1. Between a first residue in segment 34-59 that is under 19 Å from residue 18 (Cβ atoms) and a second residue that is part of a helix (DSSP H, G or I) and within 13 Å of the ligand (Cβ to nearest atom), which pairs have beta carbons less than 7 Å apart while being 6 or more apart in sequence or on different chains?
2. Looking at segment 46-68, can you tell me whether even one residue there is more than 15 Å from the ligand (Cβ to nearest atom), surrounded by 14 or more Cβ atoms within 10 Å (Cβ to Cβ) and under 40 Å from the mean Cα position of the chain (by Cα)?
Ligand SMILES: [Zn+2]
């Protein structure tokens with residue numbers, strides 16, 4: 001019985017025969033001199049080729065493929081940010097899309113249309129902020145997340161310069177409590193600098209439920225220095241990037257809670273989507 005090796009060699013012999021020409025591109029070094037080492041050409045599948053050149057070509061291609069695979073994995077990191085690093089109060093928000101935003105009341109229809117329209121401008125690269133304001137449960141977070149989902153574009157595998165778009169959804173209360181926890185828990189990765197850097201880096205960011213992180217939504221007290229510092233850091237890093245805010249707070253409440261310099265910074269380049277009539281979508285219909 002023939003071994004696999006000899007069968008392969010037979011097959012190779014059939015397709016490859018030596019040619020009388022030599023390839024003179026290959027050299028070796030002796031002392032300071034490059035000396036040409038002629039390599040005998042072969043006929044491979046009917047074509048005259050130099051085996052060394054063929055090998056180099058394959059090696060280069062292999063190297064390039066490997067590099068582009070590594071590079072692509074690197075590039076998809078940005079794209080994966082939304083799923084990997086978002087912080088939710090209510091995890092179901094991560095299922096939100098424009099399609100599954102149920103419109104019942106006219107205001108919802110209008111506001112959804114407006115968000116879709118603003119998404120279109122953001123996608124084209126325009127930079128502005130969006131402020132979704134209204135009572136809890138009207139679907140502000142849903143629309144914010146839906147916009148991110150639509151803006152979250154993976155990198156083009158064929159264009160090594162394309163990094164895709166990174167999106168991040170951060171519920172402010174979750175973020176603030178994770179950071180506070182890291183003050184005493186040295187194992188936690190959610191340090192102030194880690195979280196603020198994430199929020200600053202994302203191409204598109206939703207700051208969800210602005211105001212809830214202060215813990216004084218229902219009182220007259222002001223946000224702490226810590227919260228002020230947090231929002232300052234994030235907004236400074238995002239001056240040339242789009243941020244979508246959702247909040248239950250009225251402008252009066254905003255000014256009462258945060259210092260006015262911070263509020264005016266948040267309100268820069270702002271587009272407003274306000275819910276006044278929509279009822280709480282989370283309320284179930286109960287028979288009593
Ligand atoms: Zn060659």
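Laboratory data are not the source of any read-out in this text; all were calculated from the coordinates shown. Just so we're clear, the structure is a prediction, and the values are computed from it rather than from any experiment. Neighbour counts are summed over all protein chains in view; Cβ atoms, including those assigned to glycine, are modelled from backbone coordinates with ideal geometry.
1. Partner pairs satisfying both residue conditions: 39/51; 39/52; 42/51.
2. There is at least one residue in segment 46-68 that is more than 15 Å from the ligand (Cβ to nearest atom), surrounded by 14 or more Cβ atoms within 10 Å (Cβ to Cβ) and under 40 Å from the mean Cα position of the chain (by Cα).
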